[in-house]
Protein chains: 2
Amino acid sequence: MAFYNVNKDSLSPDKRPHYAFSLFSSSDIELNDCLTQTITPEDELMEKKDVMRCRMEAFITNLQGRIIKKLQTYEPEQKFLVDRWLRKEGGGGITCIIQDGQVFERGAVNISVVNGTLPKGAVAEMRARGKTTIPADKDLPFFACGISSVIHPRNPYVPTVHFNYRYFEVEVAPNKYEWWFGGGTDLTPYYLDEQDVKHFHQTLKNGCDKHDKSFYGRFKKWCDEYFVIKHRNECRGVGGIFFDDFDQPNQNKAFEFVKSCGNSVLPSFIPLVEKNMTKGYGYKEREWQLLRRGRYVEFNLVYDRGTKFGLLTPGAKIESILVSLPLTAKWSYKHEPEIGSEEHKLSQVLKNPKDWL
Amino acid sequence: MAFYNVNKDSLSPDKRPHYAFSLFSSSDIELNDCLTQTITPEDELMEKKDVMRCRMEAFITNLQGRIIKKLQTYEPEQKFLVDRWLRKEGGGGITCIIQDGQVFERGAVNISVVNGTLPKGAVAEMRARGKTTIPADKDLPFFACGISSVIHPRNPYVPTVHFNYRYFEVEVAPNKYEWWFGGGTDLTPYYLDEQDVKHFHQTLKNGCDKHDKSFYGRFKKWCDEYFVIKHRNECRGVGGIFFDDFDQPNQNKAFEFVKSCGNSVLPSFIPLVEKNMTKGYGYKEREWQLLRRGRYVEFNLVYDRGTKFGLLTPGAKIESILVSLPLTAKWSYKHEPEIGSEEHKLSQVLKNPKDWL
């Protein structure tokens, strides 16, 4: 465990092998912003710069660095903790977290790069999703890498943001791979500012539209359907985009789309932070935020596929999985916001997802 | 929704039909302590006083009242809220809760009395548990009633207690019933006081021993095995007793055992409240308590069978199910208590359940 910029595993830019720099401009492998040494050695990533595993790992590791560096500018007094971990079996991850910051009450941006043998349960789940080319009765090697993040700001007028982009490969027969991308970005406000929500959705839509005009509409709907707290009959937040099993029209173009999504995170969210982070609030707004964070915990522990999969995986990095939970959450029996209040306005939108654009 | 003693549905003792009183002493139907009107009409309970459904409903409704009345004595300034609800389809429940009390930060004692048709998933789960006399392919009428409770005290030196006793009937063929009892009582301290834990276990053991000397040992072990936060590899607390599918040696004796368990709740727990509720504590102890309450939330939302079953049941009383959650919970990345500290002492016991007696 180490703090941002002081991790002894990291190669500071001036100590990086020179060839790395010479390659940055001519390849889509960019590592300038990485916070620590990459999980796969940097020279291997460079050598295999046409291999999707390496391209995606490089992209998410660098994206993690870019996002953390931006978020860090709002926290002059507290550094993000950078926790790089390796698995005995190969692979590892970089957990990057702040707790009790001035602007971010709890926030983490993590990457992980993992390979191993798919558990039978995961195979069954994939086949049920329609991936029938994955044989049911074999131990299958897989590779997965992804970036995932939840940022819970302190000020109740700044929404919580979540995003996650991942690449998955399964070796269904010797040297024959099934691959796909998945991911999404979504927003969970405590108070509804329609202008903010529109900005958020418009930024995601712009990222989608460059690739296919149908993407935003499809993935916005998917998001609304996924982030539902079923037992409450309400959405977790005001949505965004969500997709899985994405492999169209080809690997290169699918990757370009995922990069656009990842690159949309900061421009979709940072203006909301800057606009609202210094707004005044009191006990009532804080209490409401904590109750809503209780709902966030309910969704993540009861429904979120990634969290559930993680918790049930022996040897998983539990602390890295559960960084999605807020620092503090509350529950109150039958709390109902007063009709017509700002809290009620939000509740209504969560019960009836709408089109923002 | 109403407050203790002012519920307009309740019959105050002087308004109860006279015959009820004349029966109290000669039957095991006692309703003197009930907080509101019973769910099944009182005269029906009296008429069917040899029917187990009615005997159990009367027992749990009266037990709820006895426990609430005792807990209320520690809260002179705040009344427990009594929320009696009925289902259109028949049955209902009484949710009884305090929030932000002086001694109890959040605590609830609920009863429910429900009948309906068993969902297919529940049948499959029961058959998997060994109840192979329950046919897999039919819509089966069932009846269930139970009392369940979690009390989260404010002072970190007072443990959280949980108990739950229930009776289940399935009509496997016309007028042919499978029936069983289930339940348990367990303790979740924030600081380990071995004397307190011994008192708690000894009281439960005394209740068990009256019926069968083997019960405490078997049900203590079952409790240790059930209340495990698997992804943390630690127990939720220091255990107690837990059992399910209990139908031995006959219905009457099984019920007498369950009554002993229910009647052990107050004597096992109240001395711990009285001993510790005024102890001084500071920020450090409160923070530790809140982190442990985060673990409580993890167990209840991820593993607890009753909670999961409830959340997945359409039309369930979500707020009554989730009263088990604390008022406030916290999460902190890789929090580890200092070796040798009181917090560490507790952690060690949670990782290695021990025999207390």
* To do: With runs of 4+ DSSP H residues as the only contributors, calculate the mean residue ellipticity of chain A at 222 nm using -39,500 (n - 2.57) per run, divided by the residue total and rounded to the nearest 500.
  => -12500 deg cm²/dmol
* Structure fact -> Within the under-14-Å Cβ sphere about residue B:235, not counting residue B:235, Lys/Arg +1 and Asp/Glu -1 give a net charge of +2
* How many nanometers, to one decimal and shortest first, lie between the label point of residue A:48 and those of its other copies, if labels sit 7 Å from Cα toward Cβ? -> 6.8
* To do: Residues in segment B:308-344, backbone N under 16 Å from the label point at residue B:139 (7 Å along the Cα-to-beta-carbon vector): list them, ranges by number please.
  => B:314
* **Qualifying GluC sites (Glu not before Pro) in segment B:97-175, DSSP loop, other Cβ atoms within 10 Å at most 12** => none
* Tell me the label-point distance for the pair residue A:176, residue B:218, using the 7 Å Cα-to-Cβ offset, in nm and rounded to one decimal. => 5.4
* Neighbouring partner chain Cβ atoms per residue of A:226-233, average, 10 Å criterion -> 3
* Structure fact -> Long-range amide H partners of residue A:80, meaning residues 5 or more apart or on another chain whose placed amide H is closer than 5 Å, are A:4
* **Shortest-first nm distances, residue A:225 label point to equivalent points in other copies (7 Å, Cα→Cβ)** => 4.1
* Structure fact -> Whole-Hz Karplus couplings 3J(HN,Hα) for segment A:31-48, θ = phi - 60° and coefficients 6.51, -1.76, 1.60, Gly and Pro as x, run 10, 4, 9, 4, 7, 9, 3, 5, 6, 6, x, 4, 5, 5, 4, 5, 5, 9
* Structure fact -> Rounded to the nearest 100 Å², the accessible area hidden between A and B, summed over both chains at a 1.4 Å probe radius, is 2900
* Structure fact -> Quick calc, chain A, dipole around Cα centre from Cβ unit charges on Lys, Arg (+) and Asp, Glu (-), nearest 20 debye, gives 480
* Using DSSP loop states and a limit of at most 16 other Cβ atoms within 10 Å to flag trypsin sites (Lys or Arg not before Pro), what is the longest stretch of chain A containing no flagged site? -> A:139-209
* Structure fact -> The farthest towards the positive end of the charge dipole of the protein assembly as shown, of the residues B:38, B:118, A:102, given +1 on Cβ of Lys and Arg and -1 on Cβ of Asp and Glu, is B:118
* Asked: Sequence-distant or interchain residues sharing an amide H contact under 5 Å with residue A:239, placed H: which?
  -> A:187
* Structure fact -> Sequence order, segment A:229-237: Karplus ³J(HN,Hα) from phi using 6.51 cos²θ - 1.76 cosθ + 1.60, θ = phi - 60°, Hz rounded, Gly and Pro as x, gives 8, 4, 5, 9, 6, 8, 7, 5, x
* Built amide H within the under 5 Å cut-off of residue A:190, gap 5+ -> A:160
* To do: Compute the separation of the alpha-carbon centres of segment B:83-135 and segment B:34-55 and state it in Å as a whole number.
  => 18
* Asked: Where the accessible area of chain B is counted over protein heavy atoms with a 1.4 Å probe, how much of it, in %, is carbon and sulfur?
  -> 51
* **Closest approach to the axis - chain B beta-carbon, rotation onto A, Å** => B:301, 2
* Asked: segment B:303-354 to segment B:169-223: how many Å between their Cα centroids?
  -> 20
* Structure fact -> Stretched fully, the stretch from residue A:210 through residue A:316 gains (0.36 nm per residue minus C-alpha distance, one decimal, in nm) 34.5 nm
* So which residues of segment B:296-324 lose at least 30 Å² of accessible area, probe 1.4 Å, when you go from the chain by itself to every protein chain present? -> B:301, B:302, B:311, B:318, B:319, B:322
* Structure fact -> Sorted shortest first, the nm distances from the residue A:176 label point (7 Å along Cα→Cβ) to its counterparts in the other copies are 5.1
* Taking the simple approach of a point 7 Å from Cα along Cα-to-Cβ for both residue B:47 and residue A:309, what is their distance in nm? -> 5.7
* Candidate aspartates and glutamates - alpha carbon under 13 Å from residue B:308, same-chain residues fewer than 8 apart omitted -> A:298, B:125, B:298
* Could you run the Karplus curve 6.51 cos²θ - 1.76 cosθ + 1.60 with θ = phi - 60° over segment B:141-154 and give me ³J(HN,Hα) per residue in whole Hz, x for Gly and Pro? => x, 9, 9, 9, 9, x, 10, 9, 7, 9, 10, 9, x, 7
* To do: Rank A:113, A:158, A:51 by mean-square fluctuation in a GNM of chain A with C-alpha springs under 10 angstrom and give only the top-ranked residue.
  => A:51
* Asked: Under a point spin-label approximation (7 Å from Cα along Cα-to-Cβ), what is the residue A:344-residue A:78 distance to one decimal in nm?
  -> 3.5
* Structure fact -> With the 1.4 Å probe rolled over protein heavy atoms, chain A has an accessible area per residue in Å² of 42
* Structure fact -> Hits in segment A:24-67: amide N under 15 Å from the 7 Å Cα→Cβ extension of residue A:86, namely A:36-45
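The values are calculated or read from the model by the stated rules, or taken from the named source; none is laboratory data. Values in this document were obtained by computation on a predicted structure and should not be read as measured data. Note that we place each Cβ from the backbone using ideal geometry, even for glycine, and neighbour counts take in every protein chain shown. Protein only, heavy atoms only, side chains kept; ligands, DNA and RNA dropped before computing areas. Shrake-Rupley method; radii C 1.70, N 1.55, O 1.52, S 1.80 Å.
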